[in-house]
Amino acid sequence: MKSDRRKSEFSYLADALMPGPYQCFLCDNEDIIGEDGLCDSCRHKLHFVPNPTFLAPLNGISIGLQYSDEIASAVMRFKKNGRMEYAAFFTQFLSVPKEWNANILVPVPMHPFRKWLRRFNHTELLAAYLSGATGIPYSTKLLFKNRFTSEQKKISDPMERRKNMRGSFSADPLVKGLRIVLVDDVFTTGATVYECAKTLKLAGAEKVYLSAITSPER
Ligand SMILES: [Zn+2]
């Protein structure tokens with residue numbers, strides 16, 4: 001049996017997931033896959049993160065899934081192997097709490113050279129799908145990465161990660177007064193996201209939140 005995926009009015013993801021392989025997004029096994037793109041076994045292993053901790057200058061944070069090796073390798077397939085169908089899959093685990101009263105979604109930007117290397121910025125795809133799901137517009141024109149930096153995951157020391165990111169973003173003055181939700185994949189030490197939030201706040205953003213797929217326990 002290939003799949004029991006059915007369309008439903010609740011799942012805007014179904015169309016996006018349908019053309020993909022009839023395989024579980026996490027374990028890649030061919031099995032009976034639900035509308036969420038998961039087999040029963042992977043679905044039962046998922047844990048959601050209720051109250052993640054965060055620091056200023058962020059005003060709030062929403063993390064979808066508890067970190068696991070399966071999720072980490074699925075994120076890698078998405079961002080490094082060009083598997084764009086993962087954008088729809090992961091978006092179902094992103095959320096924007098109503099009380100944030102957000103005006104706009106802003107994907108964590110990638111330096112143009114890295115985007116050229118990877119062919120796309122995966123956080124832009126997430127923001128586009130999340131915009132479709134929430135009705136909140138998104139923009140790639142408000143926050144920019146203007147310095148090419150080493151990949152954060154290659155730096156283990158948290159101080160060095162912060163130093164690597166310092167001053168590497170710039171914000172458009174149009175962010176003044178906005179309540180912004182940054183969209184990212186994995187929230188690790190937060191060095192990137194805190195630097196983005198600082199840049200947006202200095203440019204006058206009223207609030208800056210984060211919506212991310214997963215975060216290792218810190
Ligand atoms: Zn599975």
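Within region 167-218, the residues that satisfy the criterion of being small (Gly, Ala, Ser), modelled with pLDDT under 95 and within 24 Å of PRO50 (Cα to Cα) are GLY190, ALA191, SER215. The C-beta contact set for region 62-86 (first residue in contact (Cβ under 8 Å) with a residue 24 or more places away in the chain and part of a strand (DSSP E or B), second residue of a type in the set (A, V, I, L, M, F, W, C) and away from the ligand (no atom under 14 Å from the Cβ), distance under 6 angstrom, 6+ apart or interchain) comprises ILE63/VAL49; ILE63/ALA212; GLY64/PHE93; GLY64/LEU94; GLY64/ILE213; LEU65/PHE93; GLN66/VAL49.
Filtering region 130-152 to residues that are closer than 22 Å to THR188 by Cα and surrounded by 10 or more Cβ atoms within 10 Å (Cβ to Cβ) leaves LEU130, LEU143, PHE144, LYS145, ASN146, ARG147, PHE148, THR149, SER150, GLN152.
Pairing each residue of region 30-56 that is in contact (Cβ under 8 Å) with a residue 60 or more places away in the chain with any residue that is more than 8 Å from the ligand (Cβ to nearest atom), provided the two are 6+ apart or on different chains, yields C-beta distances under 6 Å for VAL49/ILE63; VAL49/GLN66; PRO52/ILE61; PRO52/ILE63; PHE54/ILE61.
Take the conditions (1) surrounded by fewer than 18 Cβ atoms within 10 Å (Cβ to Cβ); (2) at pLDDT 75 or above; (3) in a loop (DSSP other than H, G, I, E, B); (4) of a type outside the set (Ser, Thr, Tyr); ARG6 misses just one of them, which is (2). Here PHE78 meets each of (1) closer than 23 Å to LEU200 by Cβ; (2) of a type outside the set (A, V, I, L, M); (3) surrounded by 20 or more Cβ atoms within 10 Å (Cβ to Cβ) with one exception, condition (1).
To keep it simple, each residue is scored yes or no on (1) within 16 Å of the ligand (Cβ to nearest atom); (2) over 19 Å from SER211 (Cβ atoms).
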| residue | (1), (2) |
| --- | --- |
| CYS42 | yes, yes |
| ALA56 | no, no |
| ASN59 | no, no |
| SER62 | no, no |
| ALA74 | yes, no |
| ALA87 | no, no |
| GLU99 | no, no |
| ARG118 | no, yes |
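What are the residues in region 177-218 that are more than 11 Å from the chain's Cα centre (by Cα) and assigned to a loop (DSSP other than H, G, I, E, B), if any? Scanning region 177-218 gives GLY177, LEU178, THR188, THR189, GLY190, ALA203, GLY204, ALA205, GLU206, PRO216, GLU217, ARG218.
Taking each residue of region 188-214 that is under 16 Å from SER62 (Cα atoms) and looking for partners that are surrounded by fewer than 22 Cβ atoms within 10 Å (Cβ to Cβ) and of a type in the set (Gly, Ala, Ser) with beta-carbon atoms closer than 6 Å, six or more apart or interchain, yields TYR209/GLY60; SER211/SER62; ILE213/GLY64. Taken over region 143-165, the criterion of being assigned to a loop (DSSP other than H, G, I, E, B) and not aromatic (Phe, Trp, Tyr) is satisfied by ASN146, ARG147, THR149, SER150, GLU151, ILE155, SER156, ASP157.
Taking THR140 as the residue in question, decide whether it is closer than 17 Å to GLU195 by Cβ, among the β-branched types (Val, Ile, Thr) and either under 15 Å from the mean Cα position of the chain (by Cα) or in a loop (DSSP other than H, G, I, E, B) (or both). Against the criterion (closer than 17 Å to GLU195 by Cβ, among the β-branched types (Val, Ile, Thr) and either under 15 Å from the mean Cα position of the chain (by Cα) or in a loop (DSSP other than H, G, I, E, B) (or both)), THR140 does not qualify.
The values are calculated or read from the model by the stated rules, or taken from the named source; none is laboratory data. As the structure is a computational prediction, the values presented were derived from the model and not from experiment. Don't worry about glycine lacking a Cβ; one is built from the backbone with ideal geometry, like all the others, and counts go over all protein chains shown.
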